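Every read-out reported here was derived from the displayed coordinates using simple, explicitly stated rules and does not represent laboratory data. Only a predicted model underlies this, so the values are computations on that prediction, with no experimental measurement involved. Here the Cβ is made from the backbone with ideal geometry for all residues, glycine too, and neighbour counts use every protein chain on show.
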Amino acid sequence: MPDSYLTEEFIAKIDKFSLRARLIVEGFIVGLHKSPYHGFSVEFSDHRQYNPGDPIRNVDWKVYAKTNRYYIKRYEEETNLKSYLLIDHSNSMKYTSGNISKLEYAKALASALAYLMLSQQDAVGMLTYTNRITSYIPPRSMKSYLNIILRELYDLKPLETTRTAEILHSLAERIKKRGLIILISDLIDDPGQILQGLQHFRHQKHEVILFHIQDAQERNFDFKQETEFIDSETGERIVVNPWQIRGDYLRIFNENVTFLKTKSHEAFIEYNPITTETPFEKSLLQYLIKRSRLY
């Protein structure tokens, strides 16, 4: 189960961090300013204990009748931030040259990020995709929502081909309220089109974080003998002596990474390359420490 990634020891390490937006989102600074739309045409989220000065109209009298305690109804618009986890589970994500596939690594990372944001009472949703949207869980801020996300991640299998850019444009058109977009993918697709899709979110003032998941062999191409390579998404096969093409492969690979990194920086997109050989707990902790220093 994905919750096996969330050990008590790991949770203790990340609980002191937050993953809040650093940009001004829809007229308020996340975590400091509450929405002016409390209780007006918004969806119920959960309860919190009544505090002196809270509007009496928001007291849940049914809960009071059962518990003899005052609780306030909270609505989705009151949450600090709406975040969206976008998980690529196309066939290329099943590749591994070590102990964990890119998809399993992405699932572990997504589990921890969902826990972290829900624990700080932000609303979290998730979209999974291949060449199509395979599931969509709208954002909610209830802590119990973590179980729904973990179950979806547990069932996630590598499938089909990739159309990352089309998925990004589709979601950008769907989301009206600005928030935090977190894409977790190996980005094996047209890098220019991917950047256009991410820039679509930035044009709409979303904050965007990109986790580029790479296997060590994809990065190093350190094969020692004649090898048959199979395109996991098209099934195309080719047998080559790796040392004959290693130079060209690394040049193209590094050009793509440089392009993604440079263009992300220019568009104020947070680009984070991660290799599966580094334990995900270490990668996430290093990232959170780095991000906390930006405040």
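Worth a mention:
- Here the calculated FRET efficiency for Arg293 and Arg237, from their Cβ-Cβ distance with R0 = 51 Å, stands at 0.65, rounded to the nearest 0.05.
- Sites Glu266 and Thr161, calculated FRET efficiency, Cβ-Cβ separation with R0 35 Å, nearest 0.05: 0.75
- Arranged from fewest to most other beta-carbon atoms within 10 Å of their beta carbon, Trp243, Trp61 become Trp61, Trp243.
- Trypsin sites (Lys or Arg not before Pro) within the stretch 194-295: DSSP coil, no more than 11 neighbouring Cβ in 10 Å: Lys224, Arg293
- Label corresponding to Cα Rg over 2.2 N^0.38 Å when calculated from the structure given, among (i) 0.92; (ii) 1.51; (iii) 1.11: (iii)
- Crossing angle, helix 280-292 versus the chain [Cα axis fit, 0-90 degrees, rounded to tens]: 60 degrees
- Taken along the Cα-to-beta-carbon direction at a fixed 7 Å, the label points for Thr227 and Gln196 span 3.2 nm.
- Pairs exceeding 20 Å between alpha-carbon atoms, taken from Lys261/Lys290; Lys16/Lys290; Lys16/Lys261; Lys107/Lys177; Lys73/Lys143: Lys16/Lys261; Lys107/Lys177.
- Sorting the segments 85-93, 47-55, 144-152, 206-214 by their residues' average number of neighbouring beta-carbon atoms within 10 angstrom, most packed first, yields 85-93, 206-214, 144-152, 47-55.
- Between Glu173 and Arg246, the distance separating the two model label sites (each 7 Å from Cα on the Cα→Cβ line) works out to 4.6 nm.
- Of all DSSP-defined beta bridges confined to the chain, some 40% are antiparallel rather than parallel.
- For the stretch 88-134, applying the loop criterion from DSSP together with a ceiling of 15 other beta carbons within 10 Å to the trypsin sites (Lys or Arg not before Pro) yields Arg132.
- Axis angle, to the nearest 10 degrees, between helix 242-266 and the longest C-alpha principal axis of the chain: 30 degrees.
- Against the main long axis of the alpha-carbon atoms of the chain, helix 191-203 sits at an angle near 20°.
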